[in-house]
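Okay, so here's the structure we're looking at.
The values are calculated or read from the model by the stated rules, or taken from the named source; none is laboratory data. Note that this is a predicted model, so its numbers are computed, not measured. Cβ atoms come from the backbone with ideal geometry, glycine included; neighbour counts cover every protein chain shown.
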Amino acid sequence: MPTAPVILSGVPGSFAWGVFHERHPKLIRQVLDALPYGPTQRAAVEDLLAESTSGVLQPLGPDAHDHQQWLAWGEGRFGRPWGEAPFLWAESYFYRRLLEATGYFRPGTWQGIDPFAPFKNAELAGPAVDAELAALGDLPALSAEKRAEVLLASALWGNRADLSFQITAPAGDDTRPSALIADDSPLLWSTLAAASTPRVCVIADNAGRELLPDLVLVDHLLTSGLATEAVLYVKPFPYYVSDATTADVLATVRRLRAAPGQEAEATGRRLWQAMNNGTLTVRTHPFFCAPLPFHAMPADLRAELAGATLTIVKGDLNYRRLVGDQLWDPTAPFAERAGHFPTPVAALRTLKSDVVVGLDGAVVARLDATGEHWRTSGTYGLVQVARNLP
């Protein structure tokens, strides 16, 4: 079985190092400014920042509900520097610890309060979403084929709105050009078209400006008959700043239903009805907040996904979990890295980390020759499909 170096979080100058030493300090400042946490929570958050940038990994306290689970996941890592841990594991643990520091899981004033809600709410209520809702009014004039193409592209490039990425993105970042460097979309559409009763699963990534086009795409799949049933998987609790939870799904559907444009309102109404009648189901599972790649998926979740015509995996984190957060040769076949997944799988992803596979060698050479940080800039995107089953 091919292998590659695991990405660690402590290599100075690396993208992963920058996440811990540049992005997280800015995030901590924003979290503490956004909500009126008291001295206990503020001190715990500051302590986490200091520990994660220059200290050693400490386990969750014994009163944490998942204390034993994290002891198992982190066996051999606690007491060692954060930078020695795999990037995927350490980043996930940082967000779990942030929730612990803010009191999210503990009985008390801050129990159940999403520390990222102010950012999510501001984005969902903002002018960019107003413009995107208004643009839905152009859809009825498009052919079915063109509409599908536009909505798939919207779901892909919506991933650029990732709030954790925007924390350290340059000013005016949304104006940068974009390019698709792998496009298996014909295979995606043909996979759905070939099924008599297509069941589509979508593993969501971010809330707000990404979840909105995801839901509009789901509505199109259901109304066009490309899916007779859709299942949307979200995180069981707040994670990675803007990752979508059930509360975020409901807020987005309400935003659609309340939009002044006829097409946006109709889309929201159809999604609401689809949830009522079971053609659209929102689900979650603890594994979606685990620090593990998808090949370690537990049997109950594999069984739940099994039988889907296609699973659409959204975003950068899910891509890292799908192919493995390792420094693969970028020309390694995507199907080889994603073949362990329990269903045919399509990845819609904007590149915002070092991991990438399935690219043409000439494309890689051209991108490398530019001298830009093309793997992490958020400028490039891909649609990749693997239909082989384990």
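Conditions: (1) among the polar types (S, T, N, Q); (2) under 18 Å from Leu292 (Cα atoms); (3) surrounded by 20 or more Cβ atoms within 10 Å (Cβ to Cβ). Gln69 meets all but one. Number of the miss? If we test Gln69 against (1) among the polar types (S, T, N, Q); (2) under 18 Å from Leu292 (Cα atoms); (3) surrounded by 20 or more Cβ atoms within 10 Å (Cβ to Cβ), just (3) comes out false.
Would you mind listing the helices (runs of 4 or more DSSP H) fully within the stretch 79-165 where at least 2 residues are under 21 Å from Leu292 (Cα atoms), in the same structural domain as Leu48 (by TED's automatic domain parsing) and among the aliphatic types (A, V, I, L, M)?
Working: elements: 87-102, 117-124, 127-135, 144-157.
Ranges flagged: 87-102.
Let's see how each residue does on (1) closer than 19 Å to Val356 by Cβ; (2) in contact with a Pro (Cβ under 9 Å, 6 or more places away or on another chain); (3) not in a helix (DSSP H, G or I):
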{"site": "Ala4", "(1), (2), (3)": "yes, no, yes"}
{"site": "Gly10", "(1), (2), (3)": "no, yes, yes"}
{"site": "Val19", "(1), (2), (3)": "yes, no, no"}
{"site": "Glu22", "(1), (2), (3)": "no, no, no"}
{"site": "Lys26", "(1), (2), (3)": "no, no, no"}
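Which one is surrounded by the most Cβ atoms within 10 Å (Cβ to Cβ) among residues in the stretch 304-344 that are under 20 Å from the mean Cα position of the chain (by Cα) and either at positive phi or assigned by TED's automatic domain parsing to the domain that holds Ala90 (or both)? Among them, the one singled out is Gly315. Looking at (1) at negative phi; (2) surrounded by fewer than 14 Cβ atoms within 10 Å (Cβ to Cβ), which is the only condition Gly79 fails? Only one criterion in (1) at negative phi; (2) surrounded by fewer than 14 Cβ atoms within 10 Å (Cβ to Cβ) is unmet by Gly79, namely (1).
Quick grid of which residues meet (1) outside any loop (DSSP other than H, G, I, E, B); (2) among the basic types (Lys, Arg):
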| residue | (1), (2) |
| --- | --- |
| Arg209 | no, yes |
| Asp214 | yes, no |
| Leu217 | yes, no |
| Leu232 | yes, no |
| Glu263 | yes, no |
| Met275 | yes, no |
| Arg302 | yes, yes |
| Gly307 | no, no |
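Out of the stretch 111-124, which residues are touching a residue at least 40 places away in the same chain (Cβ under 8 Å) and surrounded by fewer than 19 Cβ atoms within 10 Å (Cβ to Cβ)? Reasoning before the result, please.
Filtering the stretch 111-124 down to residues touching a residue at least 40 places away in the same chain (Cβ under 8 Å) leaves 113-121, 123-124.
Of everything in the stretch 111-124, those that are touching a residue at least 40 places away in the same chain (Cβ under 8 Å) and surrounded by fewer than 19 Cβ atoms within 10 Å (Cβ to Cβ) turn out to be Ile113, Ala117, Pro118, Asn121.
Under the condition of being outside any helix (DSSP H, G or I) and aliphatic (A, V, I, L, M), which residue from the stretch 219-230 is surrounded by the fewest Cβ atoms within 10 Å (Cβ to Cβ)? Don't jump to the end; show me each part of the working.
Taking the stretch 219-230 first, the residues outside any helix (DSSP H, G or I) are 225-230.
If we keep only those that are aliphatic (A, V, I, L, M) as well, we get 226-227, 230.
Values: Leu226: 22, Ala227: 27, Ala230: 26.
Only one residue tops the list, namely Leu226.
Residues in the stretch 338-381 that are touching a residue at least 40 places away in the same chain (Cβ under 8 Å) and assigned to a helix (DSSP H, G or I) were compared, and the one that is farthest from Gly307 (Cα to Cα) is Leu367.
So in the stretch 277-297, with the set limited to residues that are among the small types (Gly, Ala, Ser) and part of a loop (DSSP other than H, G, I, E, B), which one is surrounded by the most Cβ atoms within 10 Å (Cβ to Cβ)? Selected residue: Ala290.
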